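The values are calculated or read from the model by the stated rules, or taken from the named source; none is laboratory data. Since the structure is predicted, the reported quantities are computational estimates derived from the model, not experimental observations. Neighbour counts are summed over all protein chains in view; Cβ atoms, including those assigned to glycine, are modelled from backbone coordinates with ideal geometry.
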Amino acid sequence: MPDRVHIIWDNSNIFVSGRDVCDKLEYKAGYFRINFKNLIDLAADGRQIEQVFCVGSVPPPTDSVWGHIKRLTGKSPELYERGAASGKEQAVDQALQARMLRLGYDYDPPETIVLLSGDGSGFEEGIGFFSDIKRLHRFGWKVEVLSWQDHCKKVMREWADQEALFVPLDSFYGSVTFLEGLRRASNLNLINRPRRK
């Protein structure tokens with residue numbers, strides 16, 4: 001059976017962290033956007049995509065981000081309302097973590113999970129993305145973490161470097177990002193993408 005990938009995408013983490021990277025490199029954070037197609041292609045690395053779970057909060061009516069994801073993946077993301085009092089996302093990380101853990105029960109033999117996030121919050125308490133990818137790894141899942149180098153929790157990045165695979169998005173910055181009205185994304189070249197040995 002060919003290697004299939006299950007992509008778990010924390011859109012807010014990738015976007016907000018990427019905007020910080022953009023501000024340091026191009027000083028144009030207000031124009032920063034993610035090229036969804038190239039980001040998904042980088043995550044898949046030529047392998048069959050079994051599913052993409054991308055969860056985010058409901059955007060303003062004029063924002064078509066989630067429509068782009070549906071066109072690229074064929075599936076609608078799970079959307080959550082922002083909290084009325086806080087204006088912040090509610091239960092987004094937990095929804096992704098629940099999806100991740102279900103993979104451990106739904107697929108036998110284990111396959112490959114690609115996590116697009118550097119959020120390692122909660123690891124010390126045994127919760128969060130990092131704790132859950134370690135659980136899946138113990139059950140035989142191959143794990144790849146794609147994140148911005150300096151925005152990935154250090155202990156998670158070091159674990160991925162040693163036990164799984166870490167792919168720094170910084171190495172593909174020009175391909176997975178663009179500046180609206182100022183710069184297009186360059187063609188994605190996967191030749192130098194890190195791979196498991």
Practice problem: Considering only segment 9-31, state which residues are more than 17 Å from Pro168 (Cβ to Cβ), touching a residue at least 24 places away in the same chain (Cβ under 8 Å) and not in a helix (DSSP H, G or I). | Solution: Glu26, Lys28
Practice problem: Name the single residue, out of those in segment 140-185 being hydrophobic (A, V, I, L, M, F, W, C) and within 15 Å of Phe36 (Cα to Cα), that is surrounded by the fewest Cβ atoms within 10 Å (Cβ to Cβ). | Solution: Leu179
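Residue by residue, here is whether (1) surrounded by 17 or more Cβ atoms within 10 Å (Cβ to Cβ); (2) over 14 Å from the mean Cα position of the chain (by Cα); (3) outside any strand (DSSP E or B); (4) at pLDDT 85 or above holds:
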{"position": "Ile7", "(1), (2), (3), (4)": "yes, no, no, yes"}
{"position": "Arg33", "(1), (2), (3), (4)": "yes, yes, no, yes"}
{"position": "Pro61", "(1), (2), (3), (4)": "no, yes, yes, no"}
{"position": "Lys75", "(1), (2), (3), (4)": "no, yes, yes, no"}
{"position": "Leu103", "(1), (2), (3), (4)": "yes, yes, yes, yes"}
Practice problem: Considering only segment 149-176, state which residues are of a type in the set (S, T, N, Q) and modelled with pLDDT of 95 or more. | Solution: Ser171, Ser175
Quiz item: Which one is modelled with the lowest pLDDT among residues in segment 177-193 that are touching a helix residue (DSSP H, G or I) at 6+ places or on another chain (Cβ under 6 Å) and hydrophobic (A, V, I, L, M, F, W, C)?
Solution: Leu182
Self-check item: Yes/no for Asp108 being under 27 Å from Lys24 (Cα atoms) and either assigned to a helix (DSSP H, G or I) or modelled with pLDDT under 90 (or both)
Solution: no
Quiz prompt | Selection from segment 111-132 of residues that are modelled with pLDDT of 90 or more and not charged (D, E, K, R) | solution = Thr112, Ile113, Val114, Leu115, Leu116
